[in-house]
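The values are calculated or read from the model by the stated rules, or taken from the named source; none is laboratory data. Small disclaimer: the values here were computed from a predicted structure and weren't measured. Every residue, glycine among them, receives a Cβ derived from its backbone with ideal geometry; neighbour counts consider all protein chains shown.
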Amino acid sequence: MGENKKRKKEIDKTLEENEDDLEPFDVALELYYRSIKGEKTASKAHTLFKSLLEEDPSNTEVMAYLGAVKMMLARDEVDLREKGKYANEGLKMMDVAVLKDPTNPLIRMLRANVAINLPENRFRRTQTAIEDFEYMISVHSENPSAIPSSLLIDVMKGLVKAYERVNKLDMARAYAEKVKEKDPDYQLPALNNSDQNKGKTVDINELPSTNPTLVEYYKQAVHGDEVALYHALNELNAIQKQKHENPIIQAYMTHCLAMKVANQATGYVELFMTAIKTSQTLDQLVSEYPELYEIRMIRALQSYRLPEFFFFRTSTAARDFQYLATQYEKDYRIFSVSQYEEILLLLGKSLVTLNMVEEAVESWNKLLQLSTESSTKKEAKELVDAFTSEDFHVSTTSDVKELYEKGKIIHRFGVLGNKKAAKQSVEIWELATKANPTCAIAKFYYAASLTLLGKFNEDPNDLFSQTIKGLKKLATALPKNNFELIDLYIKRAYIEFQLPDSFFHNNDKIIEDFEMICALYREHEGKIKLSKHKYLKILADLGTVYERKHFVHKAKEVWEILKKEDEEMIYQVFLQMKGVK
């Protein structure tokens, strides 16, 4: 401790006289710790740590410190929007550092100390602090010399505070006693129930198993099946009538209702508020019941599907997926192999969003090593190929067919999330359009590539401007009513169908394409490259778009056609749900 004080005095003196004599990291570190004490030094520390990370992007300790400094900026910021931005960026950066380097005690301790000092009703990060502090305890158990005694006491004090906050008073008392053994001057806390946890009487050991039918409907609903969502909500309503308090059912209901709002909402304010409230509820449930795997999975799925540039929830999804995968590897009985496969697949996709491609490929390769054969493994194989192909670049070629085939493959890799491929797809298809300005295929893929590139922008303004630029070209890329281009009409319609109309106002364009596709199918049935099943799906979706525009009569007209055409009654439940008898 004496050496630390001496070093601090040296740093203080050098900072006052000539900070150039110190290493930038030492200066940044000192400025960070001064900001913790209330000095206005966070901004300069942020500049230094940011510069250090740019020089060495793989340095996870610098990354973690930069995240922690951002939390100091959030604390000092007056503007609420900027405050939220810094907080989200800081937490995300520390999460990524831990995901990249989970066995680094410094990073775990840094995140734990930040998490334990955040207001629980806003951030729901106490459970994160517990996991990090408990990791430090496990490190000490394996190697007592790895954690100094003074640091171990701080860790245990942190656990006392954290466990009291989440109403686990037995754990809090146990750690308080351990602190007392090492520090006789330590005053044992009263350890009262926190207000937010008073009245919690659910015994998780007595909770019934979740109905498998509900679980299956929920999985389908998460993948966009509106009928499955309808059935899931019916199942949940029936369960809730039994009036048994069940946090797992509450989590399912919370997410299902949010998905219902997302299907019906026409304004971005409603979408935003629903997403935020849903995230807060699921965070609270995970905080209260961290050992319930189903709740973790529900939060992970909800977080994973939120736009990262608005909600900063991908690191939450990745943390949950990683936690679930780790727990399964300790005990194979907690859920099925197919669920484990899905977790590894989505963990990889989440890591890609966090620019952790190497770790993502590791997750997918772990999935590919499993002995089972499944569609999930096929998707993982495609993703590995998309992110491990060494060269996508096509500079010059005299073979148009080769250029087009290569361009389609690279565009597909971009769709799968490879940012480099997405950029090179734009280059290839721009080259193709210049070589053949009247070619509809080249014009379509160039416009689609420009649109796709938008999703890789981290700044919302850049994202919207790039996407809109692509959509404008997409709207004029194809001539109308050419049945040979039916596949491209369908691709264009579904590119727009996946984008929120409240931001991009695409519904009219989607309707125009769907109506044209249906007319071409009826006119050229038997000659057109469109199956009956896909045609029926387009009819169902066309009605849905009319419904979103509140053109209920038009939606019913389309669905009446669907009813007549659907000889196998595949859409019977869907039509009943929509009021078509």
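Some observations on this one:
- Restricting the first member to the stretch 496-522 and to residues that are part of a helix (DSSP H, G or I), and the second to residues that are at pLDDT below 95 and among the small types (Gly, Ala, Ser), the beta-carbon pairs closer than 8 Å and six or more apart or on different chains are SER502/ALA265; SER502/GLY267.
- Among the residues of the stretch 281-297, some residue qualifies, meaning at least one is of a type outside the set (Lys, Arg) and in contact with a Pro (Cβ under 6 Å, 6 or more places away or on another chain).
- Members of the stretch 331-352 that are surrounded by fewer than 17 Cβ atoms within 10 Å (Cβ to Cβ) and either of a type in the set (Ser, Thr, Tyr) or closer than 14 Å to LEU416 by Cα (or both): TYR332, SER336, SER338
- Evaluation of PRO148 against (1) surrounded by fewer than 20 Cβ atoms within 10 Å (Cβ to Cβ); (2) within 32 Å of the chain's Cα centre (by Cα) (one fails), failing number: (2)
- If you go through the stretch 564-578 and pick out every residue that is surrounded by 18 or more Cβ atoms within 10 Å (Cβ to Cβ), over 30 Å from the mean Cα position of the chain (by Cα) and in a helix (DSSP H, G or I), you end up with 1.
- Meets criteria (closer than 28 Å to THR103 by Cα, out of contact with any Lys or Arg (no Cβ under 7 Å at 6 or more places or on another chain) and either at pLDDT below 95 or not assigned by TED's automatic domain parsing to the domain that holds GLU82 (or both)) for GLU19: no
- Residue that is surrounded by the most Cβ atoms within 10 Å (Cβ to Cβ), among those in the stretch 396-436 that are modelled with pLDDT of 95 or more and assigned to a loop (DSSP other than H, G, I, E, B): ASN418
- Options ILE107, ILE137: the member that is surrounded by fewer than 19 Cβ atoms within 10 Å (Cβ to Cβ), in a helix (DSSP H, G or I) and of a type in the set (Val, Ile, Thr): ILE137
- 3 or more residues within 19 Å of the chain's Cα centre (by Cα) and more than 22 Å from ARG122 (Cα to Cα): qualifying helices (runs of 4 or more DSSP H) within the stretch 176-295: 212-222, 247-264
- Residue match in the stretch 37-57 (condition: exposed (fewer than 14 other Cβ atoms within 10 Å of the Cβ), at pLDDT 95 or above and assigned to a loop (DSSP other than H, G, I, E, B)): yes
- Search result, residues across the stretch 501-514 that are surrounded by fewer than 14 Cβ atoms within 10 Å (Cβ to Cβ) and at negative phi: ASP508
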